[in-house]
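Take a look at the structure below.
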Amino acid sequence: MKPLIAILALATFASAAPIKVLIVDGQNNHDWKRTTPVLKAILEEPGVFSVEVATSPGGGEFAAWLPKFSDYAVVVSNYNGKLWPDAMRDAFEKFVSEGGGFVSVHAADNSFPEWKAYNEMIGLGGWGGRNEKSGPYLRLRDGKWTPDTTPGAGGSHGSQHEFPMNTRTPEHPIMAGLPAAWMHRQDELYNRLRGPANNVTVLASAMSPKNKGGTGEEEPLIMAITFGKGRVLHNALGHGMEAVQCKGFAVTLQRGVEWAATGKVTQKVPADFPDATASKVWPTK
Ligand code: ZN
């Protein structure tokens with residue numbers, strides 16, 4: 001009986017062990033010093049994650065920067081800056097392709113236009129000289145996300161505003177139990193993202209209104225991507241404090257990080273998840 005008891009004890013321990021998350025930050029044209037603590041607090045809320053932060057060192061130490069990705073189940077990037085050193089890029093590609101999870105938040109999808117594997121991971125990206133050579137746009141045509149190879153820049157946004165998010169893949173574990181539409185707090189609504197767009201499932205999109213400087217198109221904003229054995233969640237939302245202190249953002253991040261780490265979502269959708277009539281502040285008072 002002893003081996004069986006040991007196996008049961010191990011299984012019990014494994015199910016209770018927190019999912020290890022590493023947030024990477026330190027360079028961004030956004031206020032990462034304020035938003036990373038919010039991302040960390042969001043992920044600590046459901047009690048299923050343990051969260052650490054790796055901040056890029058400055059100066060001459062940058063070239064030796066090498067977080068130990070393999071110690072974690074999932075990496076969350078709040079980083080948009082200098083190209084990671086060779087060894088760090090190699091370690092990250094190995095980590096994700098062998099089954100590690102990756103979550104790209106907002107301007108992390110502006111990063112690394114020159115890094116082929118990274119662009120495969122995020123599916124679509126913006127700015128940094130991205131154009132038709134980076135890959136197609138994804139456009140919703142007759143209910144299907146369709147590659148559009150029209151030449152033009154990759155990445156833009158209109159003026160910030162509050163907008164409804166539309167669920168596109170309700171059967172996906174991250175989206176199961178979420179409403180067909182919910183209101184997101186004031187944010188930049190990225191448009192015209194483009195990239196390799198391989199193995200991309202669009203989970204949620206939003207109409208980019210022309211009267212706010214947008215495209216008049218549904219823009220893919222939350223996407224699930226596979227890269228080798230790894231799962232990637234690309235969340236283009238989260239420009240500033242208002243956007244991250246948002247119930248819809250928080251819950252989809254909590255669910256998305258768990259899915260990227262394990263392929264499953266065990267968290268229940270909170271009863272007070274916003275609907276399409278009004279956004280909600282996170283944390284809920
Ligand atoms: Zn932004």
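Structure notes:
- With both labels modelled 7 Å from their Cα along Cα-to-Cβ, the ASP71 to GLU132 distance reads 4.7 nm.
- Listed residues TRP145, PRO170, GLY216: farthest to the positive end of the dipole of region 68-222 (Cβ charges): GLY216
- Membrane-span-like helices in the chain, defined purely by DSSP H runs whose alpha carbon atoms cover 20 Å or more axially and whose average Kyte-Doolittle hydropathy reaches -0.5, are 2-16, 247-262.
- The mean sequence separation of alpha-carbon pairs under 8 Å and at least six residues apart, normalised by the residue count of the chain, gives a relative contact order of 19 percent.
- Once both labels are positioned 7 Å from their Cα atoms along Cα-to-Cβ, the gap between ASN29 and ALA276 label points is 3.4 nm.
- Binned Cα-Cα distance frequencies in region 58-192 - 10 Å width, integer %: 10, 31, 37, 19, 3, 0
- Summing Lys and Arg as +1 and Asp and Glu as -1 over all other residues whose Cβ lies under 9 Å from the Cβ of LEU22 gives a net charge of 0.
- For region 2-262, a crude dipole built from +1 on the beta carbon of Lys and Arg and -1 on the beta carbon of Asp and Glu, taken about the Cα centre, is about 240 debye to the nearest 20.
- For region 181-243, taking the reciprocal of the average inverse distance between every pair of different Cα atoms yields a Kirkwood hydrodynamic radius of 12.8 Å.
- Set of lysines with alpha-carbon distance to LYS280 below 17 Å, sequence-local pairs under 8 removed: LYS247
- Put the Cα centre of region 224-249 next to the Cα centre of region 35-67 and the gap is 15 Å.
- Reference-scaled alpha-carbon Rg (2.2 N^0.38 Å with N residues) for region 218-268: 1.20
- Across q = 0.16 Å⁻¹, region 246-285 modelled as identical point scatterers on its alpha-carbon atoms has Debye log10 I(q)/I(0) values of -0.41, in the order of the q list.
- Atom-type composition of the exposed protein surface of region 2-262 places 54 percent of the accessible area on carbon and sulfur (1.4 angstrom probe).
- Across all Cα pairs in the chain, the calculated P(r) in 5 Å bins from zero up to the longest distance comes to 1, 6, 12, 17, 20, 17, 12, 7, 4, 2, 1, 1, 0, 0 percent per bin.
- Working note: Cα atoms of region 37-90, range along each principal axis, descending, whole Å: 37, 22, 15.
- Solvent-accessible surface of region 110-181, averaged per residue with a 1.4 angstrom probe and all protein chains in place: 47 square angstrom.
- Potential extension, SER50-LYS116 segment - 0.36 nm per residue separation minus Cα distance: 20.7 nm
- Taking Cβ atoms as reference points and 12 Å as the exclusive limit, the residues near ILE174 contribute a net charge of +2, counting Lys and Arg as +1 and Asp and Glu as -1.
- Residue with peak Gaussian network fluctuation, the chain [Cα springs, cutoff 10 Å], from ALA64, ALA73, ALA197: ALA64
The values are calculated or read from the model by the stated rules, or taken from the named source; none is laboratory data. Source: prediction; values computed, not measured. Positions of Cβ are backbone-derived with ideal geometry, glycine not excepted, and every protein chain shown enters the neighbour counts. Heads up: the accessible areas ignore ligands, DNA and RNA and are worked out on the full protein's heavy atoms, side chains in. Shrake-Rupley method; radii C 1.70, N 1.55, O 1.52, S 1.80 Å.
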